[in-house]
There are 2 protein chains.
Amino acid sequence: MGMSADEFRKYGQEIVDWVASYHERVGDLPVQSSVAPGEIRSMLPEAAPELPEPFEAIIEDLDRIVLPGLTHWQSPNWFAYFPGNTSYPAMLGDLVSSGLAQQGMLWSTSPATTEIESHLMDWLVDLLGLPQHWKTTESGGGVIQMSASDSTHTALVVARNQKAADHSLDDLVAYTSSQANSSVEKGARVAGYRHVRKVDVGDTFAMDMAALEATIEQDKASGLVPTFVCSVVGTTGTTAVDPVRAIGELAQREGMWHHVDAAFAGTAMICPEFRHYQDGLELADSYTFNPHKWMMVTFDFSAFYVADRRPLIETLSVLPPYLVNEASESGAVIDYRDWHVPLGRRFRALKLWFVLRTYGAQRIREIIREHIGAAQDLTSWLESDPRFEVVAPTPFSLVCFAHRGGDEATKALAKSINEAGPYLTPSLLPDGRAFIRVSIGQTSTERHHVEQLRDLIDELA
Amino acid sequence: MGMSADEFRKYGQEIVDWVASYHERVGDLPVQSSVAPGEIRSMLPEAAPELPEPFEAIIEDLDRIVLPGLTHWQSPNWFAYFPGNTSYPAMLGDLVSSGLAQQGMLWSTSPATTEIESHLMDWLVDLLGLPQHWKTTESGGGVIQMSASDSTHTALVVARNQKAADHSLDDLVAYTSSQANSSVEKGARVAGYRHVRKVDVGDTFAMDMAALEATIEQDKASGLVPTFVCSVVGTTGTTAVDPVRAIGELAQREGMWHHVDAAFAGTAMICPEFRHYQDGLELADSYTFNPHKWMMVTFDFSAFYVADRRPLIETLSVLPPYLVNEASESGAVIDYRDWHVPLGRRFRALKLWFVLRTYGAQRIREIIREHIGAAQDLTSWLESDPRFEVVAPTPFSLVCFAHRGGDEATKALAKSINEAGPYLTPSLLPDGRAFIRVSIGQTSTERHHVEQLRDLIDELA
């Protein structure tokens, strides 16, 4: 085991303490790393060690080598990209996962991994107000994937195979808005779609239905085959919300697979008052959201649901003789290897289980409401100040604004804020105009952190 | 954070202790779980908790609910499938990863995640005698993927895109032997290959070159396009070794991408005496092996190498405005999001770093030699006993044998051994004959565990 059980108890405690101390001080550190390319590597020895080193040397190197090279995603002053949360209970759930080192590829290779995962995915259906038929006890089902990229890619592959029986692979088309996450376009390319349409958006940066319909008509006229459309609830650019119901109805008319990507915003649906943003979900064929973004669950944990699990399993099941087993043959169990690309899979449900039980759903709702409330307040403040323009609605907790002084002023403001310690993301609107994304949702971000950021914006603008 | 830092210190210590105690007793438990389908789920409450529960209740449920539902992959009596290792230092490295919760999608979002990963992947090139040009400092490079399925799928996608410019996607063909892991066929289907050829094998269950060449000729005559061929070093069925050099030469002549899958056996190459099995690797375009199988690194960690990183990055790079950053634009850094399907990625290199430093390469070599030595001894014993037939060579640590009493006797023997406590895998040879796979390679499996298994075989046969 590399060390004795008692050494593990000793060093385990030291690592736990190191991690706790990290979180106690991370809010005081500048979020961005200041190292230059190559600086971290230059501290590492040329070759792997031939002989064992004392564990104390490894812990020292966490401070000496690792820490300077971190961008502090766990800082409460993290306002960049989307959050990538962790939390103490999630870490402990993940530690149990590493310790048990289960492989849940088949039910029989780890019944607990499979059944706790299925059960928790069903819990989430109720917690988030998702369609009941997505439960594993009904026609659909949920599975833990690694990232939303993996979830969306899987949906693209199943959609492709639905059409591939009657059409050339060269002719299949996938549609999403120009504001969807890059994972949709990337997933489509990976899945072999030659035609990926990034459909125009309207004033609120949501998919323009007329543009979508026109693109589809044009493609059909050219002999191409509309195959897949992705709606986004909370785009990466500005958390715009696509018209899920209208897209779902169109997808049914056109015989396309309809996938909904709520990677970030999905967690907000634990609060009933935001569920109108996911109206129409019952028309979707598949859905993904990431508890590892905003639900305090350590990466990686992307929840992927299908309305009907049969085409998923048909597409992904390959059965060699060494995997044949009684439980699978009985048909009474789920073998999750048939629900995604990898064969091996770890016990990822533990970290969500630990989070839900340690926080309780009520406390998670409070945190989400606190983040969204802080974002709404920041938006109001920016709207009331003549120096700023709020460039997109704030349905969730992403605030999008620009300096009225123009692109250079906006970019300079982003740079100066990031140099001052917090971290937010400069980006571009569809028309090319610069803006600043303030993403609020890190596990330990509280209202006063957002107020400090507001004061900093005020000071540096 | 769901709990205070001090609660985390307290419960962290309890979980560390629980994991250590699990490993202290796991060797005494029957490896297979005896629960019936649905039994674990029936112990879980109908809905997620609204209010926080005491952490003590969670720890109790690890014993009450989780433990009965485990198949004990970490038992030293694990002889099934391939091993899925963990170890104490790997768990601690993974705990740091969960605690820091870095997202290494871009160099700039976590320089340490990127640079320690690149450096360690280069270390492995030297440790395993892989071609020097696979280093990140040369034309190629290594990246951590989740599973060999992901690595192989990625290779299939890049290969497909190399041909897709000049050919219909409908005409591309992937080749592998009938004895390759199911992940090759599955990856090819996921990547949209309509034609997957499972080529016949010879007496030692290695790819039959004449059969491969004949299949390629036939496909070309039908207007199809040979695109991808996978060699396996250590097939899942019997750890057969395909003729890597001959396949590599053929791939060059035919303009095919040549991927080498050494998912299990790759770790053995840390011992120079086994490297003749990977002769010809310098002709490969890509390669994968899994430190999470036999190198004591907790899942998930699949090492994926390419000889030339350009086609990989060209295939997988999609750049939205919110990911644009100075470091990437300088070209001086690696952005690993362009090396695989997911965008998000955790700090997986830590667990390998902790393992290599805590064990040292010498100790890892000793463990591999002990496993392989024990496998050779078991093979000799089986060969010397008239009741058994060794049905395949034992190049590494997988022993394949049958009962001379016929298929039913072989299946009955496997069943009775598994009921007695250890766990091994009944499987089928290409000709349909039953055999038993004894896979030796669990982190804490020592010679005496294999000797106990031998005695059990002797008793039950």
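Okay, here's what the table says:
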read-out	value
Test set (1) open to solvent by 10 Å² or more (accessible area, probe 1.4 Å); (2) more than 22 Å from B:Gly187 (Cα to Cα); (3) among the polar types (S, T, N, Q) - B:Thr236 fails condition number	(2)
Within region A:151-180, considering residues that are part of a loop (DSSP other than H, G, I, E, B) and over 20 Å from B:Tyr322 (Cβ atoms), the one farthest from the other protein chains (Cβ to nearest Cβ)	A:Asp166
Flag if B:Ser397 is within 30 Å of B:Asp126 (Cα to Cα) and within 14 Å of chain A (Cβ to nearest Cβ)	no
Only listed residue being touching a residue at least 24 places away in the same chain (Cβ under 8 Å), among the β-branched types (Val, Ile, Thr) and on the phi > 0 side of the Ramachandran plot, chosen from B:Thr239, B:Thr235, B:Thr267, B:Thr176	B:Thr239
Odd one out for B:Gln102, checked against (1) part of a helix (DSSP H, G or I); (2) in contact with a Leu (Cβ under 7 Å, 6 or more places away or on another chain)	(1)
Residue among A:Ser97, A:Ser87 that is at negative phi, among the hydroxyl-bearing types (Ser, Thr, Tyr) and more than 7 Å from every other protein chain (Cβ to nearest Cβ)	A:Ser97
Residue match in region A:326-338 (condition: free of Cβ contacts under 8 Å to residues at least 24 places away in the same chain, aliphatic (A, V, I, L, M) and in contact with a strand residue (DSSP E or B) (Cβ under 9 Å, 6 or more places away or on another chain))	no
Single match in B:Ser427, B:Ser416 (criterion: touching a helix residue (DSSP H, G or I) at 6+ places or on another chain (Cβ under 8 Å), open to solvent by 20 Å² or more (accessible area, probe 1.4 Å) and under 21 Å from A:Glu326 (Cβ atoms))	B:Ser416
Hits in region B:321-349 (condition: outside any helix (DSSP H, G or I), more than 7 Å from every other protein chain (Cβ to nearest Cβ) and either within 21 Å of the chain's Cα centre (by Cα) or surrounded by 20 or more Cβ atoms within 10 Å (Cβ to Cβ) (or both))	B:Ile334, B:Asp335, B:His340, B:Arg345, B:Phe347, B:Arg348
Number of positions in region A:1-34 that are under 25 Å from the mean Cα position of the chain (by Cα), more than 16 Å from B:Met1 (Cβ to Cβ) and at the interface with another protein chain (Cβ under 7 Å from one of its Cβ atoms)	1
Set B:His72, B:His119: member being in a loop (DSSP other than H, G, I, E, B) and either open to solvent by less than 20 Å² (accessible area, probe 1.4 Å) or touching a Pro at 6+ places or on another chain (Cβ under 7 Å) (or both)	B:His72
In region B:367-390, the residues that are surrounded by fewer than 19 Cβ atoms within 10 Å (Cβ to Cβ), touching a Lys or Arg at 6+ places or on another chain (Cβ under 9 Å) and touching a residue at least 40 places away in the same chain (Cβ under 8 Å)	B:Glu370, B:Gly373, B:Asp377, B:Trp381, B:Arg387
Flag if B:Val31 is part of a helix (DSSP H, G or I) and buried (at least 17 other Cβ atoms within 10 Å of the Cβ)	no
Residue, farthest from A:Asp171 (Cα to Cα), within region B:149-168, restricted to residues that are among the aliphatic types (A, V, I, L, M) and open to solvent by less than 10 Å² (accessible area, probe 1.4 Å)	B:Ala155
Qualifying residue in region A:351-360 (condition: at negative phi, outside any loop (DSSP other than H, G, I, E, B) and free of Cβ contacts under 8 Å to residues at least 24 places away in the same chain)	no
Candidate set from region B:350-366 (those that are crowded, with 24+ Cβ neighbours inside 10 Å and of a type outside the set (S, T, N, Q)); member that is nearest to B:Gln102 (Cα to Cα)	B:Leu350
A:Leu124 being in a helix (DSSP H, G or I), within 7 Å of chain B (Cβ to nearest Cβ) and either farther than 24 Å from B:Phe55 by Cβ or modelled with pLDDT of 95 or more (or both)	no
Strands (runs of 3 or more DSSP E) wholly inside region A:364-445 that include at least 2 residues being closer than 30 Å to B:Met3 by Cβ	A:398-403, A:423-428, A:434-439
Residues that are more than 7 Å from chain A (Cβ to nearest Cβ) and in contact (Cβ under 8 Å) with a residue 24 or more places away in the chain, drawn from region B:35-64	B:Glu39, B:Ile59
Test: residue in region A:107-116 that is closer than 30 Å to B:Glu314 by Cβ and facing chain B (nearest Cβ under 10 Å)	no
Residue tally, condition facing chain A (nearest Cβ under 10 Å) and either at pLDDT below 95 or outside any loop (DSSP other than H, G, I, E, B) (or both), over region B:138-150	4
Residue within region B:16-25 that is open to solvent by less than 50 Å² (accessible area, probe 1.4 Å), part of a helix (DSSP H, G or I), of a type in the set (A, V, I, L, M) and in contact with a Leu (Cβ under 8 Å, 6 or more places away or on another chain) present	yes
Checking B:Gly129 against (1) open to solvent by less than 10 Å² (accessible area, probe 1.4 Å); (2) among the small types (Gly, Ala, Ser); (3) at positive phi, the condition it does not meet	(1)
Given (1) buried (at least 24 other Cβ atoms within 10 Å of the Cβ); (2) among the basic types (Lys, Arg); (3) over 16 Å from the mean Cα position of the chain (by Cα), index of the condition A:Lys186 fails	(3)
Flag if A:Ser168 is under 30 Å from B:Ser42 (Cα atoms) and either in contact with an Asp or Glu (Cβ under 6 Å, 6 or more places away or on another chain) or at pLDDT 95 or above (or both)	no
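The values are calculated or read from the model by the stated rules, or taken from the named source; none is laboratory data. Fair warning: this is a prediction, and the values are worked out from it, not measured in the lab. Note that we place each Cβ from the backbone using ideal geometry, even for glycine, and neighbour counts take in every protein chain shown. Just so you know, the surface numbers come from the protein's heavy atoms only, side chains and all, with ligands and any DNA or RNA stripped out. Shrake-Rupley method; radii C 1.70, N 1.55, O 1.52, S 1.80 Å.
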